[in-house]
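Read through the structure below, which is laid out as structure tokens, and then see the notes.
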Ligand code: HEC
Ligand code: HEC
């Protein structure tokens with residue numbers, strides 16, 4: 001038994017012996033109110049009790065935890081002297097289950113995920129052809145909403161401590177501010193997490209830095225089973241989610257019958273990831289008005305980016321800032337490469353250091369940068385292309401001088417002002433709504 005004393009409130013946490021490690025509570029006094037927090041990764045059912053004499057306890061609330069935490073705010077105003085609270089674990093209460101209404105805070109009308117308003121350039125080639133939505137898994141509003149719930153649910157990892165959102169954080173463009181992400185047992189991923197906005201558009205349809213997943217439907221099941229990331233098996237996940245009434249309810253709404261299968265999990269997660277679209281950036285507004293909304297500095301940066309001066313558009317081209325179909329490239333980070341990217345899969349020397357070209361939309365939010373998170377700022381990225389590209393047999397041609405000029409590594413020789421302009425342009429690709437859009441945020445009800 002663990003006791004925490006804070007007068008006039010006592011918070012007592014009674015732990016059964018079999019509860020997993022990591023169980024803890026915190027109580028925080030916010031002036032006139034007190035918040036009672038419980039953290040317990042097993043997602044058990046707990047009872048909040050109150051007492052004025054420490055002898056007679058009244059059940060105030062019985063609740064099931066989601067994602068291992070629960071908070072209840074208690075007003076201290078008018079509280080009788082000597083009022084006590086405690087959280088109690090009671091094995092008899094464990095059968096209590098959550099309904100969709102108690103587990104989740106979903107809007108009463110499912111928001112629009114299926115038909116986002118897209119800029120004109122997205123309905124014509126080259127971007128139209130980049131849309132990797134398969135015929136067999138069109139995005140529906142209900143399907144993407146189910147995907148959103150799965151994306152934020154730590155039940156997807158073996159010990160219920162990590163969700164997709166642990167490493168793909170909305171505030172960071174669905175990437176991770178850590179160089180490498182921590183998995184369910186604290187082990188680190190081998191690469192920097194990737195931003196997910198606009199995953200829907202990529203002509204080659206493949207995913208991961210080394211494109212080892214052929215489709216998004218394939219990709220989304222891999223972190224679940226990855227031994228560092230989530231450590232789960234698909235049969236165990238199916239069994240765990242089939243036991244949650246709110247899931248069988250949501251799966252029924254989307255697929256017509258309540259069964260939770262890994263194929264359905266894959267479809268819903270892929271729909272949610274494809275629905276993460278952000279087209280309210282300053283850049284998008286600029287396209288519609290000849291960039292009259294840009295500062296002179298931002299327009300200078302735009303010219304450098306798309307012209308031969310910077311030549312960034314050769315790889316991060318189109319209004320989606322991904323290649324129109326070019327194979328993964330080597331952008332001269334090092335020689336030899338520690339992580340050989342595609343080369344580690346094929347074993348071919350000509351593939352060493354070749355990685356997927358990521359979209360630069362919302363790039364300001366997704367630091368650190370590159371597959372190994374080596375650069376912490378956009379200024380460092382620009383300096384890499386300006387003066388730091390390392391020669392390598394596989395270095396991509398746009399980063400080389402033409403053969404008639406020797407074919408060596410290209411130096412952009414940008415002035416300080418030009419470099420600052422390029423960074424200012426990259427910042428126009430941020431959609432400020434992405435980080436806060438409630439359609440993409442955590443839907444779980446934590447009681448607070
Ligand atoms: C422990 C951290 C972690 C977790 C958990 C995690 N990811 Fe990732 N994710 C990464 C990393 C790191 C990469 C890049 C890995 C690589 O390329 O080898 C990545 C890559 C991706 C990509 C590829 C993006 C692209 O443009 O190619 C997608 C999509 C993705 N994750 C979705 C998910 C989904 C969906 C989940 C939950 C089922 C999830 N991730 C769980 C860390 C994580
Ligand atoms: C030859 C193709 C090519 C050109 C030209 C190119 N890039 Fe890249 N860019 C890449 C590749 C490939 C990566 C990922 C490399 C890696 O992580 O190993 C990348 C990564 C980046 C990233 C980090 C993305 C992330 O999510 O971490 C930024 C920012 C970036 N490039 C900006 C630029 C700018 C600005 C220019 C012009 C000065 C430019 N790039 C020119 C191919 C290119």
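Taking the C-alpha atoms only, the angle from helix 141-151 to the longest principal axis of the chain is near 80 degrees. On the beta carbon distance between residue 346 and residue 326, with R0 = 25 Å, the FRET formula returns roughly 0.90. Centroid-to-centroid, using Cα positions, the range 82-132 and the range 151-180 are 15 Å apart.
Once you reduce the range 326-365 and the range 269-308 to the center of their Cα atoms, the two points are 24 Å from each other. Against the chain, whose longest principal axis is taken from its Cα atoms, helix 416-427 shows a tilt of about 50°.
Across the chain, the relative contact order, built from alpha-carbon pairs under 8 Å that are at least six residues apart, equals 16 percent. The Cα trace of the range 235-387 gives Rg and Dmax of 21.1, 59 Å, the first to one decimal, the second as a whole number.
Using only Cα atoms, find the angle between the long axis of helix 245-255 and the longest principal axis of the chain, and express it within 0 to 90 degrees, rounded to the nearest 10. Long axis of 245-255 versus the principal axis of the chain: about 40 degrees. Given the options 200, 361, 71, state which has the largest fluctuation in a GNM of the chain using a 10 Å cut-off (strictly under) for Cα springs. Greatest mean-square fluctuation among the candidates belongs to 71. Please state the shape class of the range 226-274: rounded when a/c is under 1.5, otherwise prolate if a/b exceeds b/c and oblate if not, all from the C-alpha gyration tensor. The shape class here is oblate. Both the radius of gyration and Dmax for the range 61-115 are 16.8, 56 Å, in that order, over alpha-carbon atoms. The ellipsoid that matches the Cα gyration tensor of the range 102-277 has semi-axes, each √(5λ) in whole angstrom, of 24, 22, 15, with the longest given first. Report the percentage of all Cα-Cα pairs in the range 177-263 whose separation exceeds 16 Å, rounded to a whole percent. Counting every Cα pair in the range 177-263, those more than 16 Å apart make up 64 percent. Of 174, 272, 63, the residue with the greatest mean-square motion in the GNM of the chain, using alpha carbon springs below 10 Å, is 63.
When each of the peptides 435-441, 55-61 is scored by the mean number of other C-beta atoms lying within 10 Å of its residues, the order from highest to lowest reads 435-441, 55-61. Over the range 95-149, the pair-distance histogram of Cα-Cα distances with 5 Å bins from zero comes to 4, 14, 18, 19, 15, 11, 7, 5, 3, 1, 1 percent, rounded to whole numbers. Spherically averaged projected area of the convex hull of Cα atoms, the chain: 25.4 nm². From its DSSP helices (H runs of at least four residues, each -39,500 (n - 2.57)), the chain gives a residue-normalised ellipticity at 222 nm of -6000 deg cm²/dmol.
Looking only at 432, 393, 223, which one moves most when the chain is put into a Gaussian network model with springs between Cα atoms under 10 Å? Per the Cα network of the chain with a 10 Å cutoff, 393 tops the list.
No lab work stands behind these numbers, since they all come straight from the coordinates. What you see is a predicted model; the values in this text were computed from it and never measured. Backbone-built Cβ (ideal geometry, glycine too); neighbour counts: all protein chains shown.
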